[in-house]
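The values are calculated or read from the model by the stated rules, or taken from the named source; none is laboratory data. These numbers were taken from a predicted model, which means no experiment stands behind them. Here Cβ is always computed from backbone atoms with ideal geometry, including for glycine, and neighbour counts include all displayed protein chains. Each accessible area value is taken on the protein alone, full model and side chains, heavy atoms only, with ligands, DNA and RNA left out. Shrake-Rupley method; radii C 1.70, N 1.55, O 1.52, S 1.80 Å.
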Amino acid sequence: MNKIVKKRFFSENVVQFVVEAPEIARTRKAGNFVIIRLDEKGERVPLTISEADIEKGTITIVVQRIGVSTYKLAALNEGDYIHDVVGPLGHPTHIFKAGTVLACGGGVGVAPLLPIVQAFKEAGNRVVSILAARNKDLIILEDEIRKYSDEVIIMTDDGSYGKKGVVTVGMEDVIAREKVDFCVAIGPAIMMKFCSLTTQKHEIPTVVSLNTIMVDGTGMCGACRVKVDGKTRFVCVDGPEFDAHKVDFNEMLMRMGAYKEQEKEAFEAYKNAQ
Amino acid sequence: MHNNGSNNRGNSQNPELEQPRIDGGLLDDALLQIVGRVHLTGEDAGEGIFAEEIGDIRNRQDENNLELFAKSKRAWLEDADKYLEGLYGKYFAHGSESYVYRKNIETVVKTRSFIGYDTIRQALISIKIHNDLFPETALKIIAFGRSFDEFTAVLEQKNIDGNFAAKEEIEAFVKEKFKAEKDETVIGDNSYKTDKYLLQDLKPKNVLVTKINGKKEFFVIDGDFYFNFNNKQSEKKMTDYKAERAEAWREELRKSIPAKDRTNLERVEMPMQDAVERRSNNLEVNLGLTEEMAVKESHRCLDCANPTCVTGCPVNVNIPKFIKKIEAKDFLGAAAVIKETSTLPAVCGRVCPQEKQCESKCFYTQKLKKPAVAIGYLERFAADYERESGKMSIPECEKPNGIKVAAIGSGPASLAWAADMARKGYDVTVFEALHEIGGVLKYGIPEFRLPKKIVDVEIENLAKMGVKFLTNTIIGRTITLETLRERGFKAFFIAAGAGLPRFMNIPGENANGIFSSNEYLTRVNLMHAADPEYDTPVIKGKNVMVVGGGNTAMDSVRTAKRLGAERAMIVYRRSEDEMPARLEEVHHAKEEGVEFLTLNNPVEYLANDKGQVQQAKIQKMELGEPDASGRRSPIPVEGSEYLVDTDVVVVAVGVSPNPIITSAIEGLDVDPKRRTIIVNPENNQSNISDIFAGGDIVRGGATVILAMGDGRKAAQGADEYLKSL
């Protein structure tokens, strides 16, 4: 049982939780994720750790309401408990001095991007961050990202904040004006796919952090399998970060839709019960 | 290594023994060179076959086929260490050694094997069994081992304190340290002393009794033949069984019913849920014996003077004693007897492959060619009786010694280890990565085969003994082993299981609707996906295909049936005879309407535009030449592919050890290929002295009972290690 010590709404659908998890706070590194289970009947949901406080023994997670579990989670309040939190899972991000790092975050993907931006900055890189979302309300953690970035570019689909356009427009701008040595992209699968295509064109090494369906998160089930460089890999133990240019995004997108119908049904039932 | 083609197959050490014709007499010796041997280790105690089975393989190879045989085994031959386990060794007793012939084959096979306690023990048991029934075979087995002129050359292992060592090393070691005790005694362990051939024919040149790691060790050094075994407290000596058998109450029972009347009784049938009814529920299929049935079945047991059944049990449960307790209607007493050696009798009574273990060694099976005494059913009966009586005994624990020890993983190996360590007074914590305790007993084995409440009772009992359980804790991630050391933990038992599913890597395998058996069973068992109250989903298929022939495949396909599959199929590439699943599971599956597509193998999956699997392309197989396991190997029939409609596929073709813990511990000896932790088979200690390991992370995929046996052995080892500090 892990206590929620702080809750903050970034927008109607995006919520940040600070959760007690002292052991995880101590051992987590940038790029790691946790699996949570809300209650005894809950499913196991992977969520990337965005921040941790060793002294307070807490970790920070950000969640976007999209289905039953995330709605239920978002409905919890400070003082409530999450039944299970396990982690840190996955390999941490390989942090190194690359030169100029382009960090692209889409929507709620900015949360896991934050510790990576921080780590690359601390490793002596120039970090240019692009935060992209559908509209202004969905841009999150801007101040925190700014703290560790040399420059922050905001992109919104509707132009309600920053520049109008998708993330790749911002990427092309940066790549056109300066030499980018390394790129990190985290966000919805489709966004990562296009980030990857963009950097592939310019031959910029890129990693993406994949957010596939998982059950145990420890390599046991294989639900999270993706094809990378033609080989089947498990996101939970082999990833979650992979060489973007080798990921089979189409297969991944297809696999992420495996439970679409059940999810829709469950969500409707949930909404009706509210 | 000097196994590069010695021509000498003669038995120079022992000319008086006729060397068995391991080539079956079909081969011209002059044409052949032995270039190496392969050590085969079964995943269980094997079938009690040793030299004969090897001979059998040879017999099936005529000269024309020899080259083919060797060529078809190329993958096997080229496998770096030639150390085969599991599948291949399944039908061999532990410790069988196989020749690899050389004939017009360029590959010079380098072999390596080890002679471990299990190996020798199995060999000796095998000798012993044959000694009574087929003395000539016993003689052959001995001769078989002795005929290896390269036998010791393959002992390349480095760990002198364990029982791996090269001949020279052992000799040097022995010379240096144990000179004084040389020739002291003859094979000290009486449990093996009845084998007259062993003593008489081995004529050991040197038998040493010595102490290694504080334990008494026996080395028998006889030319090329090295035996090293010791007295294990956990394993009763045959002499003890005899003494107990001589007790008055046992004698009286034996006399009460003539043996002939006993053998005329029919084996009891397990009452079970109706096959149609049970397809729509998740309740246990087997209902258990009634008291009356159990007592009646106990009458069949002849209380043999030489209880071979015990040798078939990996933890050597005192089978005749507990069965006779049932006959005497002392059911609690029966449970207590089982618990002397087994930690989880209610579980083992349900999931052990008895027909390959104790029951295969029963007098009825071996000599009378009748159905064995239903040892498994009786074990379950005694354990259930005890649990339901409300008088479940909590084992007495020694005074707490305050020494903290940790088990990593909470499956059967860990539970057994924790129980033994708690009994010895240690402060035990069990760390589990998932949110529930029990490991494979919870996520893997379905409710209809092993009700979870039975596992929970066992866990509660451990908690009553003072064992602490910590879920959601991944050692190596949440907490490192080093941190645990800093926090005062003095010994560790790693039993994290074989939690990495294997796929077949065929086209389309990543389509939606295709699961590993681990995922499918975890969703249904651990996450309760079939229960609408729970959030985790599972795809319920109409046409469910399960690939594989093991217990996990049976569990998956029967689960599918219960989730409403109209057609539930097993697709297995060999024939039914070769299926590794428990016989009972296969029967139950058939009763429940599962189709068996044997000699079939999927080669591709076809999906619709949403990525959902629609069909499987299946290739027919036929049985070819026997492979290393002695089973005829499946060969694809060209052009035989056909399509089967399927919307859920469960791939149950095996698992590999989970890499998280092994990769997190620097310097831990791990088999580079199998990713298993390498341990000393004597005490399950790894190369890092405070780390012990057991279960599937060592074996790579075995059974509950073997895992439990490992836990017990490792507890003994850890206790000795901690006391030596």
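Observations on the structure shown:
Let's see how each residue does on (1) within 14 Å of chain A (Cβ to nearest Cβ); (2) under 17 Å from B:Ile514 (Cα atoms); (3) among the charged types (D, E, K, R); (4) over 24 Å from the mean Cα position of the chain (by Cα):
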position	(1), (2), (3), (4)
B:His528	yes, no, no, yes
B:Met545	no, yes, no, yes
B:Gly548	no, yes, no, no
B:Arg558	no, yes, yes, no
B:Leu599	no, no, no, yes
B:Ile635	no, no, no, yes
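- Which listed residue is open to solvent by 20 Å² or more (accessible area, probe 1.4 Å), within 23 Å of A:Glu43 (Cα to Cα), among the basic types (Lys, Arg) and over 23 Å from the mean Cα position of the chain (by Cα), from B:Lys453, B:Lys490, B:Lys468: B:Lys453
Residues checked against (1) in a loop (DSSP other than H, G, I, E, B); (2) open to solvent by less than 10 Å² (accessible area, probe 1.4 Å):
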| site | (1), (2) |
| --- | --- |
| B:Leu302 | yes, no |
| B:Ile323 | no, yes |
| B:Leu332 | no, no |
| B:Gly349 | no, yes |
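- Residue among A:Asn250, A:Asn272 that alone is polar (S, T, N, Q) and within 13 Å of another protein chain (Cβ to nearest Cβ): A:Asn250
- Top-ranked residue of segment A:213-232 - restricted to ones that are closer than 24 Å to B:Thr473 by Cβ and more than 8 Å from chain B (Cβ to nearest Cβ), ranked as modelled with the highest pLDDT: A:Cys224
- Scanning segment A:157-187 for residues that are surrounded by 17 or more Cβ atoms within 10 Å (Cβ to Cβ) and in contact with a strand residue (DSSP E or B) (Cβ under 6 Å, 6 or more places away or on another chain) turns up A:Tyr161, A:Gly162, A:Val167, A:Gly170, A:Val174, A:Val180, A:Phe182, A:Cys183, A:Val184, A:Ala185, A:Ile186, A:Gly187.
- Residue match in segment A:61-81 (condition: more than 20 Å from A:Val14 (Cα to Cα) and either part of a loop (DSSP other than H, G, I, E, B) or more than 19 Å from the chain's Cα centre (by Cα) (or both)): no
- Flag for A:Glu23 being within 9 Å of chain B (Cβ to nearest Cβ) and open to solvent by 20 Å² or more (accessible area, probe 1.4 Å): yes
- In segment B:567-589, the residues that are out of contact with any strand residue (DSSP E or B) (no Cβ under 7 Å at 6 or more places or on another chain) and assigned to a loop (DSSP other than H, G, I, E, B): B:Pro580, B:Ala581, B:Arg582
- The test for being assigned to a helix (DSSP H, G or I), away from chain A (no Cβ under 14 Å) and either closer than 23 Å to B:Ala419 by Cα or open to solvent by 40 Å² or more (accessible area, probe 1.4 Å) (or both) holds for B:Arg712.
- Cross-chain or 6+ apart pairs with Cβ under 9 Å, segment A:27-45 first and closer than 30 Å to A:Ala123 by Cβ and in contact (Cβ under 8 Å) with a residue 24 or more places away in the chain, then aromatic (Phe, Trp, Tyr) and open to solvent by less than 20 Å² (accessible area, probe 1.4 Å): A:Ala30/A:Phe120
- Whenever a residue of segment B:530-543 is facing chain A (nearest Cβ under 7 Å) and at negative phi, its partners that are surrounded by 20 or more Cβ atoms within 10 Å (Cβ to Cβ) and basic (Lys, Arg), lying with C-beta atoms within less than 8 angstrom and at least six residues away or across chains, give the pairs B:Thr536/A:Arg44; B:Thr536/B:Arg523; B:Pro537/B:Arg523.
- Lone qualifier among A:Thr60, A:Thr93 - being in contact with a helix residue (DSSP H, G or I) (Cβ under 6 Å, 6 or more places away or on another chain), open to solvent by less than 20 Å² (accessible area, probe 1.4 Å) and away from chain B (no Cβ under 14 Å): A:Thr93
- Residue identified as open to solvent by less than 40 Å² (accessible area, probe 1.4 Å), under 23 Å from A:Glu122 (Cβ atoms) and assigned to a loop (DSSP other than H, G, I, E, B) among A:Ala52, A:Ala98: A:Ala98
- Where strands (runs of 3 or more DSSP E) sit wholly within segment B:604-663, those with at least 2 residues that are open to solvent by 20 Å² or more (accessible area, probe 1.4 Å) occupy B:613-626, B:632-636, B:642-645.
- Selection within segment B:504-519 - more than 18 Å from B:Gly611 (Cα to Cα) and either surrounded by fewer than 24 Cβ atoms within 10 Å (Cβ to Cβ) or at the interface with another protein chain (Cβ under 9 Å from one of its Cβ atoms) (or both): B:Met504, B:Asn518, B:Glu519
- Residue check for B:Ala336: touching a Phe, Trp or Tyr at 6+ places or on another chain (Cβ under 9 Å), surrounded by fewer than 24 Cβ atoms within 10 Å (Cβ to Cβ) and either closer than 23 Å to B:Ala702 by Cα or free of Cβ contacts under 8 Å to residues at least 60 places away in the same chain (or both): yes
- Identity of the residue in segment A:126-150, in contact with a helix residue (DSSP H, G or I) (Cβ under 9 Å, 6 or more places away or on another chain) and part of a loop (DSSP other than H, G, I, E, B), that ends up farthest from A:Ser11 (Cα to Cα): A:Asp150
- B:Ile475 among the β-branched types (Val, Ile, Thr) and more than 12 Å from every other protein chain (Cβ to nearest Cβ): no
- Screening A:Val110 with (1) open to solvent by 10 Å² or more (accessible area, probe 1.4 Å); (2) more than 10 Å from chain B (Cβ to nearest Cβ); (3) touching a helix residue (DSSP H, G or I) at 6+ places or on another chain (Cβ under 8 Å); (4) not in a strand (DSSP E or B) gives one miss only, at (1).
- Some residue of segment B:571-585 being within 14 Å of chain A (Cβ to nearest Cβ), open to solvent by less than 50 Å² (accessible area, probe 1.4 Å) and under 19 Å from B:Glu519 (Cβ atoms): no
- Considering only residues in segment A:233-247 that are over 15 Å from A:Cys221 (Cβ atoms) and either in a helix (DSSP H, G or I) or at pLDDT below 85 (or both), the one that is nearest to the other protein chains (Cβ to nearest Cβ) turns out to be A:Lys246.
- Exactly one residue out of B:Ala382, B:Ala495, B:Ala413, B:Ala433 is within 24 Å of B:Leu725 (Cα to Cα), crowded, with 24+ Cβ neighbours inside 10 Å and either within 14 Å of another protein chain (Cβ to nearest Cβ) or not acidic (Asp, Glu) (or both): that is B:Ala495.
- Among the candidates B:Arg523, B:Arg423, residue that is more than 8 Å from every other protein chain (Cβ to nearest Cβ) and either among the basic types (Lys, Arg) or closer than 28 Å to B:Arg279 by Cα (or both): B:Arg423
- Being within 14 Å of chain B (Cβ to nearest Cβ) and under 26 Å from A:Ser129 (Cβ atoms) is a description that applies to A:Lys29.
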